[in-house]
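Have a look at the structure below before the remarks.
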There are 2 protein chains.
Amino acid sequence: MGQIAPKIASTLSSRITDTLRDAIVTGEIKPGSKISEPKLAEQFEVSRGPLREAIRRLEMMQLVKHVPHEGVRVITLDLPRVLEIYEVREALEGMAAGLAARNMSAAAIDELYGLLDIHEQHIKTSAGEYMQQEGDYDFHYKVIQGSGNQLLIRQLCGELYHLIRMFRNQASQARGRADLALQEHKQLVYAIEQRDPQLAELIMRRHIARSRDNISTRALTT
Amino acid sequence: MGQIAPKIASTLSSRITDTLRDAIVTGEIKPGSKISEPKLAEQFEVSRGPLREAIRRLEMMQLVKHVPHEGVRVITLDLPRVLEIYEVREALEGMAAGLAARNMSAAAIDELYGLLDIHEQHIKTSAGEYMQQEGDYDFHYKVIQGSGNQLLIRQLCGELYHLIRMFRNQASQARGRADLALQEHKQLVYAIEQRDPQLAELIMRRHIARSRDNISTRALTT
DNA sequence: ATACGTATAATTGTTGACAATTAAGAGATT
DNA sequence: AATCTCTTAATTGTCAACAATTATACGTAT
């Protein structure tokens, strides 16, 4: 179907990269913890070579911090750091929405409407929060893809995305915004359909900025 | 002074990363060429281990493309790709300018004025294009730093920057925009000094968009 | 002459051992 | 008791050899 091929990584190093990445993102390996090469190598049943290559990639992804001759530690997402992520997200996804309004195919826009319907059903039946989260991501993912800018796509879907996922899993998250988010999504699709880049960008930026404010204030009250 | 400490990388792997990166960016290693591990290892007089780790980092930096069991090739910056870079740049540096208007210290703003003066002198004495290019980068660099967003800084100064440098060295570049650029820089500093984020962002985005248009049209005529 | 198959060579991927640096702990001194 | 130093242990960084995969070249058949 319209899905991306699963594409099993054919090299050990890249498989380890994916596995380690997910382990960090899901919190299986805890934030701030030191990564021991011998330990992990034994755990994955591989040699340290490919493991180190994987770590170098995660280092560039900002998921771990490397200090020469000391080791690597999993990053910790404190509030200021999360807010920084959302600022970058606002800039990039805003641009993506604008470009999507220019470049997205009619068929892809139809698919967006499909996602809106699914989202609406989930709210009415008050389906699990988890599905909501995933649904939200699917929607943003589709808009980003619609931009057609390969670099933008890779930056957002290949790097920032994992940081955002990590945050979501870490501080299981903001409720009560589901229906508001749906309204904002509807407005966005409308702007894209009207081929109005400026409006699409504005809506997306506000959407993300609200999300950011929500995180910010919620952090203060808890 | 006011410069970042050179900080010699204390590990072979990171030294190779920097050296290789610069070799690619300056065109010493030509775009599209295949990178042979044995050859480079001999050339750098190191083993393949650290070299491969360096390559994995460059891979994440988008400077090389890796195909399992085939090898890595240096990317080629064709026009569509460069335009994509400038779109991302517009989004990120626009955000950076806005944040700079909020967060930049008075001292840092003074330094911006200093750079404007230097830039102006260079134009009057019609100093070398090279200095102009570097000067332009210094200015943008300072604004980005002024944003205070560490993630944004790293994305722009640590990844995109090298792609932009690579493009500049490859297609040695657009002339006659020096004085216009200076005017735009002046406007930007003014907006930052007035603590007007929206205006600062707008000016920066237009500045980069013009640069992009310039590249686009120039590519058509040559 | 061209196309195909096979065998060889070269390159990438992986492993385990070695060297260098840093962290940890025991012991002596103040 | 606390601190400093020296020794030891563990971890990171590097290397060189091995395995697996892909590219190359040669020979053969059509």
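The values are calculated or read from the model by the stated rules, or taken from the named source; none is laboratory data. All values reported here derive from a predicted model rather than from experimental measurement. A quick note on method: Cβ atoms are made from the backbone with ideal geometry, for glycine too, and the neighbour counts reach across all protein chains shown.
Only one of B:V64, B:V74 is away from chain A (no Cβ under 11 Å), hydrophobic (A, V, I, L, M, F, W, C), more than 25 Å from B:I203 (Cβ to Cβ) and touching a Leu at 6+ places or on another chain (Cβ under 6 Å). Can you tell me which?
Only one candidate passes the filter, namely B:V64.
Determine the pairs where a residue that is under 22 Å from A:H66 (Cα atoms), located within the range B:54-68, has a partner that is among the polar types (S, T, N, Q) and within 9 Å of DNA strand C (Cβ to nearest atom) with Cβ atoms under 8 Å apart, the partner being 6 or more residues away or on another chain.
Once the first residue is under 22 Å from A:H66 (Cα atoms) and sits in the range B:54-68, its partners that are among the polar types (S, T, N, Q) and within 9 Å of DNA strand C (Cβ to nearest atom) give B:R56/A:S13.
I'd like to know if the range B:20-35 contains one or more residues that are more than 17 Å from B:Y161 (Cβ to Cβ), free of Cβ contacts under 8 Å to residues at least 12 places away in the same chain, within 20 Å of the chain's Cα centre (by Cα) and away from every other protein chain (no Cβ under 12 Å).
Within the range B:20-35, one or more residues are more than 17 Å from B:Y161 (Cβ to Cβ), free of Cβ contacts under 8 Å to residues at least 12 places away in the same chain, within 20 Å of the chain's Cα centre (by Cα) and away from every other protein chain (no Cβ under 12 Å).
So which pairs qualify, if the first residue must be in the range A:85-98 and touching a residue at least 40 places away in the same chain (Cβ under 8 Å) and more than 7 Å from chain B (Cβ to nearest Cβ), the second must be of a type in the set (S, T, N, Q) and surrounded by 24 or more Cβ atoms within 10 Å (Cβ to Cβ), the Cβ gap must be under 6 Å, and the two must be at least 6 apart or on different chains?
Note: pairs meeting the criteria are A:A96/A:S147.
Could you tell me how many of the residues in the range B:48-57 are within 13 Å of DNA strand C (Cβ to nearest atom) and either among the charged types (D, E, K, R) or more than 9 Å from chain A (Cβ to nearest Cβ) (or both)?
The number of residues fulfilling the criteria is 6.
Got at least one residue in the range B:57-74 being part of a helix (DSSP H, G or I), over 30 Å from B:R210 (Cβ atoms) and within 16 Å of DNA strand D (Cβ to nearest atom)?
Among the residues of the range B:57-74, at least one is part of a helix (DSSP H, G or I), over 30 Å from B:R210 (Cβ atoms) and within 16 Å of DNA strand D (Cβ to nearest atom), which makes the answer yes.
Give the range B:75-125 a look and list any residue that's outside any helix (DSSP H, G or I) and surrounded by fewer than 21 Cβ atoms within 10 Å (Cβ to Cβ), or say none.
Passing the criteria: B:I75, B:T76, B:L77, B:D78, B:S105, B:T125.
Considering only residues that are surrounded by 16 or more Cβ atoms within 10 Å (Cβ to Cβ) and within 13 Å of DNA strand D (Cβ to nearest atom), which ones fall in the range A:30-45?
A:I35, A:L40, A:A41
Hey, among B:D18, B:D22, which residue is more than 13 Å from DNA strand D (Cβ to nearest atom) and at pLDDT 95 or above?
Unique residue meeting the criteria: B:D22.
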